[in-house]
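Asks: This is the structure, below, for whatever I ask next.
Quick note: the coordinates plus some simple rules give every number you see, no bench work behind them. Remember, it's a predicted structure, so these values are computed and weren't measured experimentally. Ideal geometry is used to build each Cβ from the backbone, glycine not excepted, and the neighbour counts take in all protein chains shown.
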Amino acid sequence: MRALVNGAVDDTRIRILLDTGANVSVISASFAKKLRVREVFDHGRSLEVRGINPGIMETQRRALVKVTLGWKHAYEFEVWIMDHSAGVDVVLGMDFMVPAGIRLDLFHGTARLPDEDMVPLLKSKESEESVSYGNQVVGGPTELLAIPGREWREFRLPRRQPSRTTHEMWIRRSTRLVPTVAKSQRGRPIWYG
């Protein structure tokens, strides 16, 4: 899961990518040079990274930076220095998010910090430019909906819990897709097929 937030690194405001798929936190070499970060020498470690760029990247450079999220939370943390193609200069991975107690709340569009402080998530340039696509029905389908093969539909779901009279249906992928719900005389679902 990835989320873009406003923050600061060494008191310089910047967009920061919070990435639960990243094991380590990185800062781009050009941004580290611009900030004149304090490099950590003689740490005796190196890092090989796959997935952030095509191929394998290796670095032995680390820096101690001050990361500020929200108004009250500042962290001093060591990040790896390397050029990457993540689209932002700073990526904070799980090595930062777990000890810092940061949780991503995509339902409310926030990153939750300790003490339940919230930092709003930002839309990326790609998602701002993309137009709405697919058929969107607020609350899910309200009528019989036939979805032709190799097509899809997108539903926006309400935030509150559905009533108990709402039926749940589990659909599995098979050669034939024919979901069936059998009901008892009282109208409760008793069998799904």
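Asks: What's the local net charge at Lys72, with K and R +1, D and E -1, over the other residues with C-beta under 9 Å away?
Replies: -2
Asks: If you don't mind, another one. Please compute the Cα-Cα pair-distance distribution of the stretch 1-40 with 5 Å bins starting at 0, giving whole percents from short to long.
Replies: 6, 19, 28, 25, 17, 5, 0
Asks: Here is a follow-up. Treating only the Cβ of Lys, Arg, Asp and Glu as charged (+1, +1, -1, -1), what charge dipole size does the stretch 1-71 show about its Cα centre? Round to the nearest 20 debye.
Replies: Approximately 200 debye in magnitude.
Asks: Which peptide among 4-12, 30-38 comes first, and what is the full order, when sorted by highest mean count of other Cβ atoms within 10 Å?
Replies: 4-12, 30-38
Asks: Assuming R0 = 25 Å, what is the FRET efficiency of Arg103 and Asp11, from their Cβ-Cβ distance, to the nearest 0.05?
Replies: About 0.50, to the nearest 0.05.
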